[in-house]
Number of protein chains: 2
Amino acid sequence: MWTKLKYWLIGPPLPTRDLGEKRLGKFHALAAFSPDALSSIAYANQEIYLALAVAGSAGLILTFPIGVAIALLLGLVALSYRQTIYAYPSGGGSYAVSRENLGVLPGLVAAAALLVGYLLTAAVSLTAAVEAIASAFPVLWSQRVGVALLFLVIITLANLRGLRESGMLMAVPVYLFVASYLAMLLYGLVRLILEGPGSLNAPAPVVPLTLALALRAFASGCTALTGIEAISNGVPVFRPPESRNAGKTLLVMALLMGLLFVGSVGLTQGFGVTAGAEETILSALARRIVGSEVAYLIIQAATMLILAVAANTSFAGFPRLAAILAQEGFLPRQLRSLGERLVFANAILLLAVATGVLIVLFGGDTHALIPLFAVGVFLAFTLSQAGMVVHWRRERGPGWWWKAALNGIGAVATGVTVLIVGVSKFAAGAWITVVLIPLLVLLFRKIRGHYDQVAQQLSFQTPASCTCQSAAPRVVIPIAGVHRGIFDAMAYSCAISQNVTAVYVELEPGAGQKIRAQWKRWWPDVPLVVIPSPYRTIVRPLLDYLDRVDGEADDGQLATVVLPEFVPAKWWQGLLHGQTAWLIRAALLYRRRHLGFQRTIIDVPYHLER
Amino acid sequence: MWTKLKYWLIGPPLPTRDLGEKRLGKFHALAAFSPDALSSIAYANQEIYLALAVAGSAGLILTFPIGVAIALLLGLVALSYRQTIYAYPSGGGSYAVSRENLGVLPGLVAAAALLVGYLLTAAVSLTAAVEAIASAFPVLWSQRVGVALLFLVIITLANLRGLRESGMLMAVPVYLFVASYLAMLLYGLVRLILEGPGSLNAPAPVVPLTLALALRAFASGCTALTGIEAISNGVPVFRPPESRNAGKTLLVMALLMGLLFVGSVGLTQGFGVTAGAEETILSALARRIVGSEVAYLIIQAATMLILAVAANTSFAGFPRLAAILAQEGFLPRQLRSLGERLVFANAILLLAVATGVLIVLFGGDTHALIPLFAVGVFLAFTLSQAGMVVHWRRERGPGWWWKAALNGIGAVATGVTVLIVGVSKFAAGAWITVVLIPLLVLLFRKIRGHYDQVAQQLSFQTPASCTCQSAAPRVVIPIAGVHRGIFDAMAYSCAISQNVTAVYVELEPGAGQKIRAQWKRWWPDVPLVVIPSPYRTIVRPLLDYLDRVDGEADDGQLATVVLPEFVPAKWWQGLLHGQTAWLIRAALLYRRRHLGFQRTIIDVPYHLER
């Protein structure tokens, strides 16, 4: 029944030979890699607006200049990554580039930053998607957590099925978003020129405009750049010539990002748009330009869809990176295994749970999540660019100096941004990321250390301290009575060993006498030991007995315990029998785990037919 | 740590030799057996009042006559039970008497009625105790569920410790209650005579006074009789001459019950006392007689304490009856086992959970629980008295006819009461008991049927269909790689069998080749089978392989599976290893349980040292 439900939800297993990615043309590749990058304007705008609005109209006047500064940073980062694409045609994620050029530790820092970034992309995109649609339908505003979790469940199931991110399913929301926004911005620009700028009906200033405030607004707006590195990870997916096509696609994407971002920021300031408490600034802008009719609804729907698709890209990127780290022993091995549907199901579930926890903890509020976001993303940018500088220096190809300089400028610019974001947003939540990333790096190293130790202990080169028993084992078989249920277990014990002892724990004084008499009739040659149990527990006296006989034996091995196990015909019948075999097994396993008693356990079942 | 907490809460284990009950004198015996019976006036009065108050003053006038009718029934039942005490000096619970004289089915009906009665005594006494104290401190009224559950936890822990019901701890609340109530009633009677009857300030009638209403009030008041049978269960605890002492104690108890009941009912009507929404009628009566000062608080505290002690008596009676039923195979065997503290811990926990559920479901409201109560109690009375009639007829001792007649009248009176209660309270909740008792009887029989079948299957007389393997087993050992971790398992397998096969499930195409080469170096004589797994699961191909080789083998037995199990040094390390051995074990056990594959499993541990 569980299997049926599972098949219905995520489909039947797929054979390994179905693995292998389809190559993508530029049109589909743009749709596959850009949702995160393009959609980030949705929350970046909002953040700049919220950061400046507290300083009233004096603050909001800075909207456009800050937007332009971020767009310049965007151009710089895009050019830097274009060089990575040419240098690493096999895929140059921040982890790979940092690790190869800077060393293991910077690589792990980049990996931690990326994992945190993926997690926050998923959480922020989902909450922003809900806020986009809740701006149009305010009744949803108070239900943001629930709706975001619903989206999360749908995306998780789709990814467990093995949704391919290259499908038309992705292309529709992306191009719908680009087309509707470009049309809106163009129409808005025409109206702005015809009608002249609107008067700003700004909220009253709460704090004065300071440099710190402006920097905070800049730091908030930098979330617009998140996702720009996606193409550099996925170069091998492009049709040949891969690097050329990927580079072109990156430039088109960066151009679109810049256009949408600067355009929307500019029009917001031009029209003097402000937003209410339960509406995003982009929703307010769209209402201002096209009214609250069908066009507005299309724009909001497109925003919601591209944000949902952006969250989805985390579900592709996070598991892939986790699998690479697991392969190298820095994360649990289970994250490496391809599930029945050829996806990294464990990592998908891990990301889904973590995202759900974040959404609930932060009440589905994008604005509360954003301060955690940019630190990780820009740290990965910085490490990746710094790695590229080292790469060019090592290669010393033609014109290496210029290339290194461009990546160096990128590294410095993004590095400065990390500092600005980290400091200006520290108390608001960036501290969480600042603490989390080193902890993750420590965790990676701890895990790798364990795997290294295990590998050493498992290798045959290590001198063996084990007791390689070639002699037949001594067998102890605890019995609860003399009946058919122990018949198979006795036969088995006698078949594998000449040294078999049965043990009866006597709960009621005198019961042992009766058992001994019955025993003699059936197995006169097998010794039966009766242990009194003054406290009426079975496990403790049995363990004491085992310790005693192991101490007395001179073969240096621990006795094997044979457990005659009662297998009832129906599950409820199990409730009617004391789970003694189960208790003994649990106690033996506990001692194995915690005290190092390496005792072998044999389960011999006796099946009840009715 | 868990052990320490357990010891602190319920104490260290007690040896079996500590078992054995102290004999009780009449003074302590009355305190031990009467709390349930005496305290039931607390809720019986309240129920009569609530039943009649809906008909206004016309209804409340019937309070005293109904009280007298119930007192007459009480006298009759007490005399009936006195005869049981003499006939069954070894303890004549309703179950034992019904079963011996009427047969197994009536015995089981009585047992089911008794178990339900114990459960409801616990729940009703606790809620009534809370209502008694909440009448004095109204702030507790809205917290009744929480306070009742707190009482329940305390009583449960005390019983798990092994509280002896004979201690002074019991005598204090009982005699405090009797003394304070008798004093209050006497003082009230004097005041009533001196001051004359009070005017009744009754609530306006909601329904007219009908015979049905009067019967309903009578049915509600019959809960006053609950607990009267307790002494007949415990005759052997009395000092010799047991029956004589027990009989006298019963009469004293019945007299006290009658006095307290009729006295309080009479004074309530005499003073024309009515109760508010958040007060019991007995609290209102006490306030009317002694004012709201210290005397009143003592009376309410005594009421609360005796009710708590009454709940406690269920925790002695229920486990004792459950153990008898378990001993005879009508309930799961686990209810029979004396725990570390020499109490039936499983039954105590079962009762505690069921009581807690009842309290929560009924919102801690005594009035809502009462309709479920009397049916079970009076059904047990009826069966017990009917059984006594048969008993006397069989014995035909001197004057048997008169004794049979008295018990017969008792049986008819209580039987009629069952009908009155069942019908008049059916919709209000009695239907739950009416449905529950037959279901319990069915359950008893089903459980007994299973144990009978098991005993038959386990007996050596049944011709064996088992494959009593005396030949050495065929061994299959699944391996995840060639390393030190499988060394012990291989040595063990070779020690117990000449027929060992290793199996490697190949998740990545080509991996098998490498494993095979390594294998040849270490175990050239042991065959290694490589099974491809196109869907990357380990369990399914392994099970298919086992089925195949079992089918091909001609020895008619199933192969033994040896699982090399990785025992990490620290618990968290377990998270870093795919639980493959665990998954295989789970799949094998599932097949054992549900498909009847009786395969032996051997766990050979490999202990990691770091």
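Candidates are the residues of region B:337-360 that are under 10 Å from B:PRO319 (Cβ atoms) and assigned to a helix (DSSP H, G or I); the one that is farthest from the chain's Cα centre (by Cα) is B:ALA345.
In the condition set (1) more than 10 Å from chain A (Cβ to nearest Cβ); (2) closer than 20 Å to A:ASP488 by Cα; (3) buried (at least 17 other Cβ atoms within 10 Å of the Cβ), B:ILE515 is compliant with all but (2). The condition (being within 18 Å of the chain's Cα centre (by Cα) and in the same structural domain as A:LEU79 (by TED's automatic domain parsing)) is satisfied by just one residue among A:LEU383, A:LEU419, A:LEU372: A:LEU372. When A:ILE486 is tested against (1) out of contact with any Ser or Thr (no Cβ under 7 Å at 6 or more places or on another chain); (2) among the aliphatic types (A, V, I, L, M); (3) part of a loop (DSSP other than H, G, I, E, B), just one condition goes unmet, and that condition is (3). With respect to the conditions (1) more than 21 Å from A:VAL567 (Cβ to Cβ); (2) outside the structural domain of B:ASP603 (by TED's automatic domain parsing), B:ILE479 lacks only one, and its number is (2). Only residues that are outside any helix (DSSP H, G or I) and either of a type in the set (Lys, Arg) or on the phi < 0 side of the Ramachandran plot (or both) were counted across region A:80-113, and they come to 5. Here B:ASN101 meets each of (1) in contact with a helix residue (DSSP H, G or I) (Cβ under 7 Å, 6 or more places away or on another chain); (2) surrounded by fewer than 20 Cβ atoms within 10 Å (Cβ to Cβ); (3) farther than 30 Å from B:PHE362 by Cα with one exception, condition (2).
Would you tally the residues in region A:366-401 being within 18 Å of A:ALA217 (Cα to Cα) and out of contact with any Lys or Arg (no Cβ under 6 Å at 6 or more places or on another chain)?
Applying the first criterion (within 18 Å of A:ALA217 (Cα to Cα)) to region A:366-401 yields A:366-378.
Add one more test, that the residue is out of contact with any Lys or Arg (no Cβ under 6 Å at 6 or more places or on another chain), and what stays is A:366-370, A:372-378.
Within region A:366-401, residues that are within 18 Å of A:ALA217 (Cα to Cα) and out of contact with any Lys or Arg (no Cβ under 6 Å at 6 or more places or on another chain) number 12.
One residue alone among A:PHE566, A:PHE597 is facing chain B (nearest Cβ under 9 Å) and either loosely packed, with under 12 Cβ neighbours inside 10 Å or free of Cβ contacts under 8 Å to residues at least 40 places away in the same chain (or both), and that residue is A:PHE597. Of the residues A:VAL116, A:VAL145, A:VAL130, A:VAL77, the single one that is more than 20 Å from A:PRO236 (Cβ to Cβ), under 17 Å from the mean Cα position of the chain (by Cα), touching a residue at least 60 places away in the same chain (Cβ under 8 Å) and part of a helix (DSSP H, G or I) is A:VAL116. Among the residues of region A:489-506, those that are part of a helix (DSSP H, G or I) and facing chain B (nearest Cβ under 8 Å) comprise A:ALA491, A:TYR492, A:CYS494, A:ALA495, A:ILE496.
Scanning region B:17-38 for residues that are acidic (Asp, Glu), at pLDDT below 85 and in a helix (DSSP H, G or I) yields a total of 1.
For region A:333-351, a residue qualifies if it is surrounded by fewer than 21 Cβ atoms within 10 Å (Cβ to Cβ) and at pLDDT 90 or above, and the qualifying residues are A:LEU349, A:LEU350.
Determine whether A:ALA553 is under 24 Å from B:GLN598 (Cβ atoms), more than 12 Å from chain B (Cβ to nearest Cβ) and among the small types (Gly, Ala, Ser). The answer is no for A:ALA553.
Within region A:524-533, the set of residues being within 13 Å of another protein chain (Cβ to nearest Cβ) and in contact with a helix residue (DSSP H, G or I) (Cβ under 6 Å, 6 or more places away or on another chain) comprises just one member, A:SER533.
Out of B:TRP519, B:TRP582, I need the residue that is among the aromatic types (Phe, Trp, Tyr), assigned to a helix (DSSP H, G or I), modelled with pLDDT of 85 or more and assigned by TED's automatic domain parsing to the domain that holds B:ILE496. Which one?
Working: B:TRP582 fails: modelled with pLDDT of 85 or more.
Of B:TRP519, B:TRP582, the one residue that is among the aromatic types (Phe, Trp, Tyr), assigned to a helix (DSSP H, G or I), modelled with pLDDT of 85 or more and assigned by TED's automatic domain parsing to the domain that holds B:ILE496 is B:TRP519.
With respect to (1) crowded, with 19+ Cβ neighbours inside 10 Å; (2) over 19 Å from A:ILE584 (Cβ atoms); (3) within 13 Å of another protein chain (Cβ to nearest Cβ), the lone exception for A:ILE437 is condition (3). Among the residues of region A:526-560, how many are in a helix (DSSP H, G or I) and either under 49 Å from the mean Cα position of the chain (by Cα) or surrounded by 15 or more Cβ atoms within 10 Å (Cβ to Cβ) (or both)? Going through region A:526-560 one residue at a time, the tally reaches 11.
Results for (1) buried (at least 17 other Cβ atoms within 10 Å of the Cβ); (2) under 23 Å from B:LEU30 (Cβ atoms), shown as yes or no for each residue.
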residue: B:PRO197; (1), (2): no, no
residue: B:VAL206; (1), (2): no, no
residue: B:LEU213; (1), (2): yes, no
residue: B:GLY221; (1), (2): yes, no
residue: B:ALA224; (1), (2): yes, yes
residue: B:ALA230; (1), (2): yes, yes
residue: B:ASN233; (1), (2): yes, yes
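Given the structure, is A:ALA413 within 30 Å of A:PHE566 (Cα to Cα) and either in a helix (DSSP H, G or I) or within 13 Å of another protein chain (Cβ to nearest Cβ) (or both)? In short, no.
Within the set A:ARG521, A:ARG484, the sole residue that is within 24 Å of B:ILE602 (Cβ to Cβ) and either surrounded by fewer than 16 Cβ atoms within 10 Å (Cβ to Cβ) or within 14 Å of another protein chain (Cβ to nearest Cβ) (or both) turns out to be A:ARG484. Looking only at residues of region A:133-142 that are assigned to a helix (DSSP H, G or I) and free of Cβ contacts under 8 Å to residues at least 12 places away in the same chain, we find that the one that is surrounded by the most Cβ atoms within 10 Å (Cβ to Cβ) is A:LEU140. Checked against (1) under 24 Å from A:ARG599 (Cα atoms); (2) in a loop (DSSP other than H, G, I, E, B), A:PRO509 meets all criteria but (1).
The values are calculated or read from the model by the stated rules, or taken from the named source; none is laboratory data. All values reported here derive from a predicted model rather than from experimental measurement. Note that each Cβ is placed from the backbone with ideal geometry, even for glycine, and that neighbours are counted across all protein chains shown.
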